[in-house]
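> Could you have a look at this structure, given as structure tokens, before my questions?
The values are calculated or read from the model by the stated rules, or taken from the named source; none is laboratory data. Keep in mind the model is a prediction, meaning the values are calculated, not measured. As a convention, Cβ positions derive from the backbone with ideal geometry for all residues, glycine included, and neighbour counts pool all protein chains shown. These accessible areas exclude ligands, DNA and RNA; they are computed on the full protein's heavy atoms, side chains included. Shrake-Rupley method; radii C 1.70, N 1.55, O 1.52, S 1.80 Å.
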Amino acid sequence: MNKERNIILYIGTSIDGFIANNDGTLEWLESTEVEGDPGYESLLDRIDTVVMGKGTYDVIRGFDMNYPYSEYESYVFSKSVSGSDEYASFINEDIKTFIKNIKQKPGKDIWLIGGGNLAHEFFKENLIDEFQLAISPIILGEGIPLYIGGDDITLKYTLTKVEKLGQLAMLHYIKK
């Protein structure tokens, strides 16, 4: 039997838990002094599928560059768009059922890119197998939070690795 694929949330966050400014921009994270490899390339080697929310997809598509995940299967959860475009398939179905189905298909691991609303749904359904958190030494005070709250959720993970990469702290957790 094939090993079930893992859902990995690899994401940058501020000290106070924000993953982006209110408009989805990340200049505060991009300006963080980083020494060494924060694991991005090794993450890309581990995956063949990316999932994200429509807001995250729109921000990525708004960058002045080619779509960076064109070699991966891309799924975008959206309530407003259906079908597919040249880069992604748009999904408007039960998240837990959809993820259970793709995890059982052969392939590599799956990267949950963001955003906050979609991550919240993954938290509620206990779908994240591994966290790779890049913590930037900044307090934003407002923005898009990593965890929205409002639900009675207790999920436990095991810390497997801590790295100091210049001013970036990388924390790796796996589901207990």
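> Please state which of the following conditions Ile8 fails to meet, knowing it meets all the rest: (1) open to solvent by 90 Å² or more (accessible area, probe 1.4 Å); (2) modelled with pLDDT of 95 or more.
(1)
> Still on this model: Go through the stretch 80-112 and report how many residues are of a type outside the set (S, T, N, Q) and within 25 Å of Asn66 (Cα to Cα).
Number satisfying all stated conditions: 14.
Every residue, every condition in (1) under 19 Å from Ile95 (Cα atoms); (2) in contact with a strand residue (DSSP E or B) (Cβ under 7 Å, 6 or more places away or on another chain); (3) of a type in the set (Lys, Arg); (4) open to solvent by 60 Å² or more (accessible area, probe 1.4 Å), yes or no:
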{"site": "Trp28", "(1), (2), (3), (4)": "no, yes, no, no"}
{"site": "Glu33", "(1), (2), (3), (4)": "no, no, no, yes"}
{"site": "Met52", "(1), (2), (3), (4)": "yes, yes, no, no"}
{"site": "Gly55", "(1), (2), (3), (4)": "yes, no, no, no"}
{"site": "Arg61", "(1), (2), (3), (4)": "no, no, yes, yes"}
{"site": "Tyr69", "(1), (2), (3), (4)": "no, yes, no, no"}
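> Which of the strands (runs of 3 or more DSSP E) found entirely inside the stretch 1-100 contain at least 2 residues meeting this: touching a helix residue (DSSP H, G or I) at 6+ places or on another chain (Cβ under 7 Å)?
Ranges flagged: 7-14, 47-53, 73-77.
> Can you list residue pairs whose Cβ atoms sit under 6 Å apart, with the first residue in the stretch 82-99 being within 24 Å of Ile128 (Cα to Cα) and the second being among the charged types (D, E, K, R)? Count only pairs 6 or more apart in sequence or on different chains.
Close Cβ pairs satisfying both conditions: Asn92/Lys79; Ile95/Glu121; Lys96/Glu125.
> Okay, next question. Being under 23 Å from Tyr40 (Cα atoms) and of a type in the set (Ser, Thr, Tyr), is that true of even one residue in the stretch 128-148?
Yes, because at least one residue in the stretch 128-148 is under 23 Å from Tyr40 (Cα atoms) and of a type in the set (Ser, Thr, Tyr).
> Looking at the stretch 117-152, which of its residues are open to solvent by less than 50 Å² (accessible area, probe 1.4 Å), touching a helix residue (DSSP H, G or I) at 6+ places or on another chain (Cβ under 7 Å) and in a loop (DSSP other than H, G, I, E, B)?
Across the stretch 117-152, the qualifying residues are Leu127, Ile128, Leu140, Leu146.
> Does at least one position in the stretch 105-115 carry a residue that is under 17 Å from Thr25 (Cα atoms) and either of a type in the set (Gly, Ala, Ser) or in a loop (DSSP other than H, G, I, E, B) (or both)?
yes
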